[in-house]
Amino acid sequence: MLHGPFRYLLTFLLVAGMAACGRDDGAPQGESVPAPVQGSVADVDAERLAQAANDANNWMTHGRTYAEERYSPLALIDEHNVRTLGLAWYWESDSTMGTEATPLVVDGVLYSTSTWNLLHAIDAATGEELWTYDPAIDRDWIRYTCCGTANRGVAVWEGRVYFGTIDGRLVAVDAATGKLAWEVQTTDPTKPYSITGAPRVVKGKAVIGNSGAEFGVRGYVTAYDAASGEQAWRFYIVPGNPADGYESPAMEMAAATWNGEWWKYGGGGTAWDSFSFDPDLDLLYIGTGNGSPWSRDIRSPGGGDNLFLCSIIAVRPDDGEYVWHYQAVPGENWDYNCTQQMTLTELEIGGEKRKVLMQAAKSGFFYVLDRTNGELISANNFVPVTWASHVDLGTGRPVEIEENLYGVEEGKRVAPGPMGAHVWHSMSYSPDTGLVYIPAREDVWSYSRPANYEHKEMSWNISLNPDAAVAEGVMDFVTKGYLLAWDPITNSEKWRINYERDWNGGVLTTAGNLLVQGAADGRLAIYRASDGELLWDMPIQTGATAAPISYAVHGEQYIAIAAGWSGAVPILGGGGTTPTHNAPMRFLAFKLGGAAKLPEPAGGRALSLPDFDASDETLEQGSALYVEICQTCHGINLVSGGMTPDLRYMSSETHEQFQAIVLGGSRSAQGMSSFADRLDSGQVDAIHAFIVSEARRLMDGRR
Ligand code: CA
């Protein structure tokens, strides 16, 4: 029996093409609650955000500050009293679809997206919902996402809340009333773009990227006037067709590093997650994505670095003018992206204070850059890496391991694989310990490209040949997950916390010497930040892949998290995570002495499998269609980590309505859109027969 993440990673690739679905020294620390900042969300502006590091009560921007440290200076909850931590309140979504959101808290109000891009304002002390805004997304658009519809959060600015939608809009909502202020379509709706990342508002401009490099799009970042929604600038990440002219000198420079007719494939480079901002240098940093399609031989025959794939780019926030870039993976070839969190701080390196930018990239290397000019200071692998032997500090370039480069014929085992060493799960830098805490995973894949690649519109376009992976036995590889405590000065590991599962959540550190992380085994865990000793944990009935935050209201400190599964590993893997932990997505807030209780987990599920008289041929047809159409959302074992319904346990009513659901779209409001455009009634019967047969097989095998 194939098992582990490689089996579902394999499946992920098999179905490709058919997707259906420096704190300041004066920062408050220690014993007392900092004096509350008088004001409201209407006062969140450039001046207030510049002081965010000292504004301990609040969490006003994605990484708490523009430096994206994810470190709270609050210390009312600390390593000595954290044992009395308990649930203060919870807010429950009506959906198990995932979340990756970092909530913001401003002056006692929590603002966050939940499932399906719904936006909420919630009393941060009580959990009482103040308002909800529904952007009415096109839920069918889930078929143009790699990993569900999860959203990573919001920005606040001068009384408004900003967020992106899966169907490519940037939306501004009045923070007091929950009413729409403005919205813009930031993507071409005829192309398979989506948005999962949180916007940032910098100097009055709301900045948003997009996703879709697995589908064949051209990535860019757009800035809009936060007040009016008028477009201020757009920075393209990869060049278009030179015959159409270049949008900027940066694109002219980039085009010289491409070959062939890459624009027909989109090119990729989508900036789908990270931004950071240094107000003193007046630089906005953009982390860019992988190439589209993945194989550089197909994308840019004849080679080339393919700027600005997998790069960190510094631009001027006023007009998007290019200043510098560091390309971590020239000629990106493995679905490596540099969209991971970029944390800014000052480090003393070689007797010199350096303004640095730090990133634990998907490629497995931890990079420390001089953020004034993009110079590489150091790079070291934080997990086993076999695509490159090291990064040459003289040239700043990785030294690829030639014998591991893949071609058409044979699969080449490479670590990390496409699920990465570290993806969007947030890391944290504690200025107290001087350590960066990285939710890391080991991942291996066997790469090869198809002999005859065919680009398809509005479809997966990742250019991998899964047959070679099968031949390589990639599914037997073992993966691991751990929380690394990393010294950014020596660029090396200090210690680690090992997990049994590999898809663990984002990280928070606090001045109370706390290190907080949601674990894939269904717990929220708190460790001593200085040495990793487990201080407290609690079952939360789901994974928690998003990052925790901390804030204070009325003199009490809270630790909060948007709890729920998300990402390709749980949605595809199902059994690879913890499918028994399938609570609806919730916001959970904890405080000392908190005594709230989560409801009892839903249980007592009964098997209700109808009898089918299906031929082997029908079952085979159903199996192939399931893999092609259903599996990206319902998982390889009919289980999707609790995010979509466990198909083994469909009720008799669901079995009776199977055709109406799949063809009639009767559950489209829950995200199960009609597939009448892809399937006929006989094919749906075949899928149904396969699901029932497979459910019997799986359940028999397990009990
Ligand atoms: Ca990708």
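The values are calculated or read from the model by the stated rules, or taken from the named source; none is laboratory data. A quick note: this is a predicted structure, and the numbers were derived from the prediction, not measured. Glycine gets a Cβ as well: all are built from the backbone with ideal geometry, and neighbour counts include every protein chain shown.
Points worth noting:
- All of 258, 272, 324, 262 fail the test of being within 16 Å of the ligand (Cβ to nearest atom), aromatic (Phe, Trp, Tyr) and either assigned by TED's automatic domain parsing to the domain that holds residue 375 or surrounded by 24 or more Cβ atoms within 10 Å (Cβ to Cβ) (or both), apart from 272.
- Residue within segment 397-418 that is within 16 Å of the ligand (Cβ to nearest atom), touching a strand residue (DSSP E or B) at 6+ places or on another chain (Cβ under 6 Å) and aliphatic (A, V, I, L, M) present: yes
- Of all the criteria given as (1) buried (at least 16 other Cβ atoms within 10 Å of the Cβ); (2) modelled with pLDDT of 95 or more, the one not satisfied by residue 83 is (1).
- Sole exception among (1) in a loop (DSSP other than H, G, I, E, B); (2) among the aromatic types (Phe, Trp, Tyr); (3) surrounded by fewer than 24 Cβ atoms within 10 Å (Cβ to Cβ) for residue 294, by number: (3)
- When 398, 418 are checked against the criterion of being in the same structural domain as residue 276 (by TED's automatic domain parsing) and over 27 Å from residue 67 (Cα atoms), a single residue qualifies: 418.
- Scanning segment 338-348 turns up one or more residues that are away from the ligand (no atom under 16 Å from the Cβ), more than 30 Å from residue 401 (Cβ to Cβ) and surrounded by 23 or more Cβ atoms within 10 Å (Cβ to Cβ).
- Subset of segment 115-152 [within 15 Å of residue 546 (Cβ to Cβ) and within 16 Å of the ligand (Cβ to nearest atom)]: 147, 148, 150, 152
- Per the listing 93, 72, the residue uniquely surrounded by fewer than 24 Cβ atoms within 10 Å (Cβ to Cβ) and in contact with a Ser or Thr (Cβ under 6 Å, 6 or more places away or on another chain) is 93.
- Residue match in segment 245-266 (condition: assigned to a strand (DSSP E or B) and among the hydrophobic types (A, V, I, L, M, F, W, C)): no
- Filtering 192, 249, 239 for residues that are farther than 21 Å from residue 104 by Cβ, over 23 Å from the mean Cα position of the chain (by Cα) and buried (at least 24 other Cβ atoms within 10 Å of the Cβ) leaves a single hit, 239.
- Qualifying residue in segment 639-649 (condition: assigned by TED's automatic domain parsing to the domain that holds residue 671, hydrophobic (A, V, I, L, M, F, W, C) and either at pLDDT below 80 or not in a helix (DSSP H, G or I) (or both)): yes
- Annotation: residue 282 fulfils all but one of (1) buried (at least 21 other Cβ atoms within 10 Å of the Cβ); (2) away from the ligand (no atom under 16 Å from the Cβ); (3) closer than 28 Å to residue 360 by Cβ; (4) over 19 Å from the mean Cα position of the chain (by Cα); the unmet one is (1).
- Count of residues meeting criterion [assigned to a loop (DSSP other than H, G, I, E, B), within 26 Å of residue 462 (Cα to Cα) and in contact with a Ser or Thr (Cβ under 9 Å, 6 or more places away or on another chain)] in segment 174-204: 8
- Those residues of segment 205-215 which are in a loop (DSSP other than H, G, I, E, B) and more than 12 Å from the ligand (Cβ to nearest atom), in sequence order: 209, 210
- Of the residues making up segment 424-441, those that are buried (at least 24 other Cβ atoms within 10 Å of the Cβ) and not in a strand (DSSP E or B) are 424, 425, 426, 427.
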